[in-house]
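Notes for the one structure printed next.
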Amino acid sequence: MKYILKPAAAGVMLVLPFAALAQTSLTTDSTGDSFLDASKPTANFGKAGTLAIAAATSPVGAIDTVMQFNLGSVDSQFNTTYGAGNWTVTGISLSLASNFGTANANPGNALLPVVSGGNFGIDWISYDGWLEGTGNGMGSGNTVSGAVTYNSVPTLLGSTVDSLGTFAYAPPGNNVYVNYALPLDSGLVTAIKNAGDVSFYFYAADNSIGYLFNSKDFGGNANIPELTLTVNPVPEPATLSLVALSFAALLQPRWWKRKK
């Protein structure tokens, strides 16, 4: 006498390939960044090694920062792992570090603020057509026509702008990454899924902030801005059908009747 296993067991096997696809996180470096100085509104700082945020009331005046990440290779890796488009974004984290990371640190550049804690805002901006430029930390040496400057702010903020929140900065020490969890804003998530450029705009949210952090051009590419994306798999319709059939089979008795 023998027992024949019902197809329900096969149903379990159908579920396993999808269940085996776990959550994945990938990190990428910024591909463009520059600080924008209200005191030198026509100057470009695209190749400066340091980025900054300062309030209009600070001794150096208002300084904002714009930053961009190209996500083509990251999205390609997600598509390779899960299949084209079969993934959803479940986490977005921005990481910033600085070699001027202690309170009251002076960067030795009269254009930049002394380091102090405070609050700053981050916006996702839909305009990705800005040009980084080649200006140095003093705003000289730019050779790129139309490179981003403080005068570019109306253009940068002239399309869709979504606030990602206000964040607190407390100087953590030199060369220490601070991680900022960003919300799953619908515009930002859509931009991520489009596998192109994603741009962020940083600005002071109080009068005390004096934030310095390394740019992508910091010497030796040390502690440069990073964006980490976490995604989960999304089953294709065919996979969902198989899963549904599998669970339906599991609801039936597990064994055929005994055969002689």
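The values are calculated or read from the model by the stated rules, or taken from the named source; none is laboratory data. Every value quoted in this text rests on a predicted model; they were computed, and no experiment measured them. With ideal geometry, Cβ positions are generated from the backbone for all residues, glycine too; neighbour counts draw on all protein chains shown.
Summary table below
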{"item": "Gly135 vs. criteria of a type outside the set (Ser, Thr, Tyr) and either at pLDDT below 95 or within 22 Å of Val161 (Cα to Cα) (or both)", "result": "no"}
{"item": "Only listed residue being among the hydrophobic types (A, V, I, L, M, F, W, C), surrounded by fewer than 20 Cβ atoms within 10 Å (Cβ to Cβ) and at pLDDT 95 or above, chosen from Leu26, Leu21", "result": "Leu26"}
{"item": "Matching residues, the stretch 103-160, being farther than 15 Å from Ile53 by Cα and hydrophobic (A, V, I, L, M, F, W, C)", "result": "Trp124, Ile125, Trp130, Leu131, Met138, Val144, Ala147, Val148, Leu156, Leu157"}
{"item": "Any pair with Cβ under 7 angstrom, 6 or more apart, that starts in the stretch 172-200 at a residue that is under 20 Å from Ser25 (Cβ atoms) and ends at one that is assigned to a loop (DSSP other than H, G, I, E, B) and at pLDDT below 95", "result": "Tyr177/Asn223"}
{"item": "Qualifying positions in the stretch 148-168 - touching a residue at least 60 places away in the same chain (Cβ under 8 Å) and not small (Gly, Ala, Ser)", "result": "Val148, Thr149, Tyr150, Asn151, Val153, Leu156"}
{"item": "Some residue of the stretch 123-135 being out of contact with any helix residue (DSSP H, G or I) (no Cβ under 6 Å at 6 or more places or on another chain), among the aromatic types (Phe, Trp, Tyr) and assigned to a strand (DSSP E or B)", "result": "no"}
